[in-house]
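Asks: First the structure, which I've put down as structure tokens, then a few questions once you've had a look.
The values are calculated or read from the model by the stated rules, or taken from the named source; none is laboratory data. This one's a predicted model, so the numbers in the text were calculated from it and none came from an experiment. Every residue, glycine among them, receives a Cβ derived from its backbone with ideal geometry; neighbour counts consider all protein chains shown.
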Amino acid sequence: MTEGVGPAPDARTAEAWRVFGTRLRQWRRRAGLTQVQVGARVGYDHTAISKLEHGTRRTPLPLARRLDGLMSADGALLAACEEAEAAGTGGTGEEAPAALPPPGPARRGPLPGEPAGAGLLAMLPPDTVLPTRLPSYGLMCPVHGRGGCTVPVLADVVALHAAFCALGPATVDAPPLDLDTVHALTALLAACLRADEERAWPGATAVVERTLHAMLRWMALPAAPYQRQLAPLAAEYAQSAGCLRLLWGRNATAMAWLDRSLGWAGLAGHVGTEVAALGDMSTLARLEGDGPSAVAYGGAIRQAAAGRYWAGAMSDLYLARGHAVRGDARQTLAHIDRAWSQLDRVGEQDETEAPWLSVASVRLRVESGAAGALRDLAAATGERRLALRAVGAARSALGLLPPGMHSARMLFLARMADAHACARDPQAAIDIAGPVLDTTEVNASTLLGQELRGLHVRLAAGHDNRPETEDFIRRLAAVVR
């Protein structure tokens with residue numbers, strides 16, 4: 001380069017936006033947020049946030065101001081944006097980043113559209129059986145707790161649900177929220193969760209989200225204390241919607257619902273729902289490859305439920321999984337050991353705070369979480385001994401599964417097969433995963449599809465060229481790509 005001649009203005013601009021993007025990524029991770037969550041908070045799709053972090057899109061100053069406040073950057077991000085703007089454009093050098101298109105409507109999180117039309121009875125499977133009493137499937141009555149409540153019959157539940165969902169957003173003098181409606185909505189959520197677990201029923205999401213949109217309208221009413229009345233149940237519904245969206249591979253709307261759940265759980269003082277939502281958020285971050293955010297959410301569980309052994313065990317498991325995808329063996333194994341050490345201290349009080357533990361015990365969650373963390377660590381490090389430990393943990397988790405939990409069983413089998421593949425035992429992996437492909441319809445975007453995608457990667461990278469192995473790899477490829 002000739003002395004005294006700097007880079008072309010466009011090149012300077014492009015470099016300035018790359019610097020801004022790097023700072024944005026650093027502040028996002030420091031705040032413990034994923035790209036999906038940042039996008040939900042500021043009204044953009046997460047792909048737009050990714051482009052900002054890579055410096056391929058210019059950030060408008062108003063958006064930079066919102067990002068700065070969201071991440072508590074104390075003006076650092078806004079200053080970086082102003083520096084990039086000041087770099088100027090023009091010249092014939094590298095093309096400057098294009099402007100980001102206008103955002104969608106600003107709100108606390110993008111929520112899926114309300115399912116239209118059909119009444120509840122038409123949305124439910126024909127053989128739906130509601131529980132006759134609460135608690136059921138890890139859900140307690142938000143009014144009476146574990147005391148036990150009678151659930152209305154299905155025909156009455158349908159009528160109560162229709163009346164609840166018919167409330168218009170302009171209603172001022174709303175009717176009182178009677179106990180039968182509360183019992184009906186709680187039992188309906190329990191039935192949806194059970195049906196999804198036993199038969200992987202996608203309609204559960206539609207029913208849950210339709211009810212959630214009605215709850216949003218009720219909780220917005222200024223003339224009645226519906227927020228506090230509905231907050232416990234709304235938090236359960238939002239966490240369930242987030243979990244269902246996660247299982248079906250719809251991560252952006254999953255994060256939006258989980259964010260709502262956290263707010264409502266805090267309003268209701270329901271620690272168990274808050275922990276469940278934070279755990280799902282950690283899973284979402286890990287699935288996006290964002291290890292630091294996965295770790296941050298896992299750590300937040302312990303802060304949300306300080307002094308609870310069950311929450312400490314959950315926190316350590318999510319921390320272990322976050323560290324495992326980063327290949328940090330020391331931290332992963334330390335957190336798994338801590339989860340085990342807290343397991344024996346879990347007592348009856350824990351099921352009062354987190355009734356969902358009665359559906360799948362803490363021990364089952366520790367075994368399955370340890371299996372996932374050890375498998376991820378084995379995949380990252382190539383350590384066969386870690387893969388064999390993952391096989392053992394997955395086998396223990398399968399042995400602890402209650403009857404009827406079909407979706408969890410398929411997920412655990414896929415995880416065990418992948419652990420065998422990491423242990424360089426392809427035949428064992430094929431023997432275990434074969435029945436999953438034979439008995440389950442696999443969608444590539446679901447959580448099960450992602451587990452099988454990892455198995456495909458491992459088998460394809462290290463298979464033994466036998467015809468039966470190559471045939472199974474082709475079968476896997478057909479469902480995960």
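Asks: Checking C81 against (1) surrounded by fewer than 19 Cβ atoms within 10 Å (Cβ to Cβ); (2) modelled with pLDDT of 85 or more; (3) among the hydrophobic types (A, V, I, L, M, F, W, C); (4) more than 30 Å from T181 (Cβ to Cβ): exactly one of these is not met. Which one?
Replies: Condition (1) is where C81 drops out.
Asks: Give me a count of the residues in segment 422-441 that are closer than 25 Å to T283 by Cβ and surrounded by 19 or more Cβ atoms within 10 Å (Cβ to Cβ).
Replies: So the count comes out to 7.
Asks: Considering each of A305, A265 in turn, give the residue that is surrounded by 24 or more Cβ atoms within 10 Å (Cβ to Cβ) and out of contact with any Leu (no Cβ under 7 Å at 6 or more places or on another chain). Break it down stepwise before answering.
Replies: Values: A305 fails: surrounded by 24 or more Cβ atoms within 10 Å (Cβ to Cβ).
Being surrounded by 24 or more Cβ atoms within 10 Å (Cβ to Cβ) and out of contact with any Leu (no Cβ under 7 Å at 6 or more places or on another chain) holds for just one of A305, A265, which is A265.
Asks: With respect to R245, is the statement that it is part of a helix (DSSP H, G or I), in the same structural domain as H144 (by TED's automatic domain parsing) and surrounded by fewer than 24 Cβ atoms within 10 Å (Cβ to Cβ) true? Break it down stepwise before answering.
Replies: Numbers: part of a helix (DSSP H, G or I): yes; in the same structural domain as H144 (by TED's automatic domain parsing): yes; surrounded by fewer than 24 Cβ atoms within 10 Å (Cβ to Cβ): no.
No.
Asks: Of the residues that sit in segment 279-296 and are modelled with pLDDT of 90 or more and touching a Leu at 6+ places or on another chain (Cβ under 7 Å), which one is farthest from Q37 (Cα to Cα)?
Replies: V295
Asks: Let me ask something else about it. Among the residues of segment 320-340 satisfying the criterion of being of a type outside the set (A, V, I, L, M, F, W, C) and surrounded by fewer than 24 Cβ atoms within 10 Å (Cβ to Cβ), which is modelled with the lowest pLDDT? Can you show your working first?
Replies: Residues of segment 320-340 that are of a type outside the set (A, V, I, L, M, F, W, C), as a first pass: 321-323, 326-328, 330-332, 335, 337-338.
With surrounded by fewer than 24 Cβ atoms within 10 Å (Cβ to Cβ) added as a condition, the list becomes 326-328, 330-331, 337-338.
Details: R326: 88, G327: 92, D328: 95, R330: 97, Q331: 97, D337: 96, R338: 96.
Filtering segment 320-340 for residues that are of a type outside the set (A, V, I, L, M, F, W, C) and surrounded by fewer than 24 Cβ atoms within 10 Å (Cβ to Cβ), the one modelled with the lowest pLDDT comes out as R326.
Asks: Test T469 against the criterion of being among the hydroxyl-bearing types (S, T, Y) and touching a Pro at 6+ places or on another chain (Cβ under 9 Å), and give yes or no. Steps first, answer last, please.
Replies: Working: among the hydroxyl-bearing types (S, T, Y): yes; touching a Pro at 6+ places or on another chain (Cβ under 9 Å): yes.
Taking the combined requirement at face value, the residue satisfies it.
Asks: Continuing with the same structure: Do any helices (runs of 4 or more DSSP H) lying entirely in segment 259-353 carry at least 1 residues that are more than 20 Å from the chain's Cα centre (by Cα), and which ones are they?
Replies: Working: elements: 271-287, 291-304, 309-324, 329-343, 348-353.
Ranges flagged: 309-324, 329-343, 348-353.
Asks: Another question about this same structure. Considering every residue within segment 260-271, establish whether at least one is touching a strand residue (DSSP E or B) at 6+ places or on another chain (Cβ under 8 Å), assigned by TED's automatic domain parsing to the domain that holds H183 and on the phi < 0 side of the Ramachandran plot.
Replies: If we filter segment 260-271 for residues that are touching a strand residue (DSSP E or B) at 6+ places or on another chain (Cβ under 8 Å), which is where we start, we get none.
No - not one qualifying residue is present in segment 260-271.
Asks: If the requirement is being buried (at least 22 other Cβ atoms within 10 Å of the Cβ) and either at pLDDT below 90 or of a type in the set (G, A, S) (or both), which of these qualifies: A419, A408, A461? Give the steps one after another, and end with the answer.
Replies: Details: A408 fails: buried (at least 22 other Cβ atoms within 10 Å of the Cβ); A461 fails: buried (at least 22 other Cβ atoms within 10 Å of the Cβ).
From the options A419, A408, A461, the qualifying one is A419.
Asks: Surrounded by 15 or more Cβ atoms within 10 Å (Cβ to Cβ), at pLDDT 80 or above and within 25 Å of A277 (Cβ to Cβ): which single residue out of R18, R66, R57 fits that description? Step through it out loud before you land on a result.
Replies: Details: R18 fails: within 25 Å of A277 (Cβ to Cβ); R57 fails: within 25 Å of A277 (Cβ to Cβ).
Exactly one residue qualifies, and that residue is R66.
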